[in-house]
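Step one of this worksheet: look at the structure below.
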Number of protein chains: 2
Amino acid sequence: MVNLADVAHQAHVSKMTVSRVINHPEKVSTEVRTAVMAAIELIGYQPNRIAKALVNHQNYVIQFLVLEDVVTVEPNYAILLLHLADVLNQKGYTLEISTTITDNDHIDGIIVSGWRQSDLLALEALRVPVVLYGESPTDHDMAYVDVDNRIGTMLATRHMINAGYQKIIYVGMDVDLPFSNERELGYLDTMVAKKRVSRVYTVANHSHIAEQLIHNIMAQLPKNTGIVCATDRIALGVVRALNKKNGVPEQYGVIGFDGVFIDQISSPQLTTVHQPFAKIAQSLVDNLFLQLQNSELVMQRIAPELIRRDTTRA
Amino acid sequence: MVNLADVAHQAHVSKMTVSRVINHPEKVSTEVRTAVMAAIELIGYQPNRIAKALVNHQNYVIQFLVLEDVVTVEPNYAILLLHLADVLNQKGYTLEISTTITDNDHIDGIIVSGWRQSDLLALEALRVPVVLYGESPTDHDMAYVDVDNRIGTMLATRHMINAGYQKIIYVGMDVDLPFSNERELGYLDTMVAKKRVSRVYTVANHSHIAEQLIHNIMAQLPKNTGIVCATDRIALGVVRALNKKNGVPEQYGVIGFDGVFIDQISSPQLTTVHQPFAKIAQSLVDNLFLQLQNSELVMQRIAPELIRRDTTRA
DNA sequence: TAAAAAGATGTTACCGTTAACAGCTCGTTG
DNA sequence: CAACGAGCTGTTAACGGTAACATCTTTTTA
């Protein structure tokens with residue numbers, strides 16, 4: 001309701017001076033500046049984003065594109081979303097949600113999650129800057145932010161070793177995307193470094209399928225085995241198959257990956273590699289703004305954190 | 001990039017005529033209208049939302065306020081959010097996410113979820129229209145849209161009776177909010193109508209606590225008992241406590257409420273009362289626009305649907 | 001100490017759209 | 001057939017900001 005003209009009148013200066021105080025304060029004398037700031041404070045002026053947008057040819061809107069199937073939508077995205085909204089609000093930007101790739105001209109940039117390989121071409125073709133959540137394949141030169149997946153499973157595997165589990169296996173997921181491959185490598189590298197024999201199983205990312213797998217391979221799981229899982233979903237199924245009766249965490253250790261929601265509703269609660277979503281959100285936004293300003297493409301990996309709960313022994 | 005002036009030039013008319021074709025087509029002659037529409041089509045004009053917003057004193061932004069604690073955020077909200085975004089995009093509106101109540105002037109309306117009793121005063125004080133997701137208490141006269149909670153547990157209870165479970169109990173949640181009370185009433189009413197003896201337990205909405213409850217009261221749960229639960233979270237704990245070995249669904253039936261995510265990762269998968277989020281999102285938006293146009297406060301209840309899965313017998 | 005440069009503030013025009021009003025054409029009416 | 005009104009289209013000004021330029025004052029410089 002209050003606008004630049006009101007402030008200008010209150011401070012006995014022109015609109016332009018007020019605008020300068022806000023955008024280029026160094027170009028205004030100290031006395032005038034403090035007077036204007038006092039006036040702004042007094043009448044409670046807040047800049048009109050719409051008018052600013054019109055004259056600057058910007059929209060102050062960033063789109064969050066959720067390409068994952070809505071039905072199976074991971075709670076991860078909800079958490080990331082809320083953090084993104086916070087970070088952007090602080091910069092005076094609005095976060096818009098979308099589930100389809102469309103070449104709008106009412107947005108300034110896009111943050112994408114849940115993408116598949118097949119989406120990347122369409123994303124590269126867009127006229128606005130794009131940042132992926134999740135490492136992009138090497139044949140696409142796209143900015144991304146991801147948790148450091150390899151370090152994540154490395155932490156998990158090391159923790160298994162330190163906790164004294166003898167045999168340590170990995171249950172990965174059957175998608176050929178960098179994050180998935182990286183998680184597997186984190187396990188494999190650590191096992192090689194520690195001179196252990198590694199064993200990898202692969203399943204679809206569903207608790208029931210993981211549960212079934214464990215039942216099928218139970219004969220090959222001696223007591224004192226640690227099971228590093230590619231996701232909390234898989235870990236949930238593994239824990240369900242093993243169960244307290246079979247001795248989780250005493251006889252079998254289980255570690256998941258993601259640390260959102262699922263880890264908490266599991267029983268016992270999952271030891272898991274937690275993605276620091278607040279940091280990831282901040283990085284995604286910073287990365288996008290960097291691209292807006294310098295057209296600079298940056299790839300970033302954020303270190304994850306192992307959260308020790310009840311599916312591994314101390 | 002293309003603007004009204006470009007279309008006007010292409011169609012040999014004034015900008016105003018083009019604007020009219022878009023906003024008040026009945027005020028333009030048929031020939032001119034078709035010519036202008038052809039021009040719009042030809043050069044691919046899309047109205048500039050920002051400029052429109054400036055002149056109309058609207059923002060074309062609706063805020064989705066998630067007041068639930070971020071850490072425990074229910075996947076429900078994520079689903080609702082995605083549906084809301086779709087509905088609003090179709091109307092040319094942007095959905096903005098926020099987690100705190102602030103009296104912005106860059107939004108046109110608010111849809112609130114996860115609110116508590118203590119938030120309502122602050123919400124009523126806002127200058128923009130507000131619609132609640134979830135029935136408001138009778139002492140607050142606020143527009144809301146909710147699933148019909150009473151019918152939901154009624155469906156669940158009836159289904160238990162039809163499936164032949166002898167004893168039927170209800171595990172509710174320990175919050176004093178209308179949705180929670182309504183769910184309990186749906187159970188109680190049905191039990192009275194069918195001349196059954198009802199029994200209500202109350203727990204916090206966490207799977208582990210529900211699991212513990214079942215262990216504690218196991219002695220009072222004869223075989224052939226049906227357990228109607230206030231949420232899928234509670235149902236998840238109940239199922240875990242009972243388990244296939246104890247005979248879910250043959251000896252014990254369990255029904256949850258919500259039908260998002262949790263019902264699917266449970267084992268066996270939950271029979272549940274599903275909230276139709278697409279419909280709810282549509283209603284929330286319609287309701288909000290009604291308020292924007294006529295200042296009319298409307299309360300709406302959307303019928304839920306029972307989804308039969310593996311925690312009740314056929 | 002006069003001219004040039006630097007500093008501070010104001011004026012104008014514009015971003016893309018629409019409401020309000022003005023103007024033109026044509027048909028109706030007394 | 002002059003006056004009037006209905007129907008259609010165009011002109012102007014405004015929404016709330018900001019860049020570019022203009023103007024005025026002060027400082028620097030030769």
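The values are calculated or read from the model by the stated rules, or taken from the named source; none is laboratory data. Everything numeric in this text was worked out from a predicted model, so none of it was measured. Glycine gets a Cβ as well: all are built from the backbone with ideal geometry, and neighbour counts include every protein chain shown.
Details
- Residue among A:ASN287, A:ASN294 that alone is more than 20 Å from A:MET154 (Cβ to Cβ), free of Cβ contacts under 8 Å to residues at least 24 places away in the same chain and of a type outside the set (Gly, Ala, Ser): A:ASN294
This table checks each residue for (1) surrounded by 12 or more Cβ atoms within 10 Å (Cβ to Cβ); (2) over 41 Å from the mean Cα position of the chain (by Cα); (3) hydrophobic (A, V, I, L, M, F, W, C); (4) within 8 Å of DNA strand C (Cβ to nearest atom).
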position: A:ALA11; (1), (2), (3), (4): yes, yes, yes, no
position: A:SER14; (1), (2), (3), (4): yes, yes, no, yes
position: A:ILE22; (1), (2), (3), (4): yes, no, yes, no
position: A:GLU26; (1), (2), (3), (4): no, no, no, yes
position: A:ILE40; (1), (2), (3), (4): yes, no, yes, no
position: A:ILE43; (1), (2), (3), (4): yes, no, yes, no
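- With respect to the conditions (1) near DNA strand D (Cβ under 9 Å from one of its atoms); (2) within 26 Å of A:PHE289 (Cβ to Cβ); (3) more than 14 Å from chain B (Cβ to nearest Cβ), A:ARG49 lacks only one, and its number is (3).
- Complete set of residues in the stretch B:112-140 that are within 13 Å of chain A (Cβ to nearest Cβ) and closer than 23 Å to B:ASP258 by Cβ: B:SER113, B:GLY114
- Scanning the stretch A:62-111 for residues that are more than 8 Å from chain B (Cβ to nearest Cβ), of a type in the set (A, V, I, L, M) and closer than 23 Å to B:ASN48 by Cα gives A:ILE62, A:LEU65, A:LEU88, A:ILE101, A:ILE107, A:ILE110, A:ILE111.
Quick grid of which residues meet (1) over 24 Å from B:VAL55 (Cβ atoms); (2) within 13 Å of DNA strand D (Cβ to nearest atom):
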residue	(1), (2)
A:VAL18	no, yes
A:PRO25	yes, yes
A:SER29	yes, yes
A:VAL32	yes, no
A:ILE40	yes, yes
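- Within the stretch A:84-99, the set of residues being surrounded by fewer than 21 Cβ atoms within 10 Å (Cβ to Cβ) and either in contact (Cβ under 8 Å) with a residue 24 or more places away in the chain or under 15 Å from the mean Cα position of the chain (by Cα) (or both) comprises A:ASP86, A:VAL87, A:LYS91, A:GLY92, A:THR99.
- Restricting the stretch A:52-68 to residues that are surrounded by fewer than 21 Cβ atoms within 10 Å (Cβ to Cβ) and touching a residue at least 12 places away in the same chain (Cβ under 8 Å) leaves a set whose member that is farthest from DNA strand D (Cβ to nearest atom) is A:GLU68.
- Any hit, the stretch B:254-264, residues being within 23 Å of B:GLU211 (Cβ to Cβ) and among the aromatic types (Phe, Trp, Tyr): yes
- Index of the failed condition, B:VAL55 passing every other in (1) away from DNA strand C (no atom under 13 Å from the Cβ); (2) within 11 Å of chain A (Cβ to nearest Cβ); (3) at pLDDT 90 or above: (1)
- Output for the stretch B:6-38, where each listed residue is farther than 21 Å from B:GLY92 by Cβ and either in contact with a strand residue (DSSP E or B) (Cβ under 9 Å, 6 or more places away or on another chain) or of a type in the set (Gly, Ala, Ser) (or both): B:ALA8, B:ALA11, B:SER14, B:SER29, B:ALA35, B:ALA38
Conditions tested, residue by residue: (1) crowded, with 22+ Cβ neighbours inside 10 Å; (2) over 30 Å from A:ILE234 (Cα atoms); (3) aromatic (Phe, Trp, Tyr).
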{"site": "B:GLN264", "(1), (2), (3)": "no, no, no"}
{"site": "B:HIS274", "(1), (2), (3)": "no, no, no"}
{"site": "B:PHE277", "(1), (2), (3)": "yes, no, yes"}
{"site": "B:ALA281", "(1), (2), (3)": "yes, yes, no"}
{"site": "B:LEU292", "(1), (2), (3)": "no, yes, no"}
{"site": "B:GLN300", "(1), (2), (3)": "no, yes, no"}
{"site": "B:ALA303", "(1), (2), (3)": "no, yes, no"}
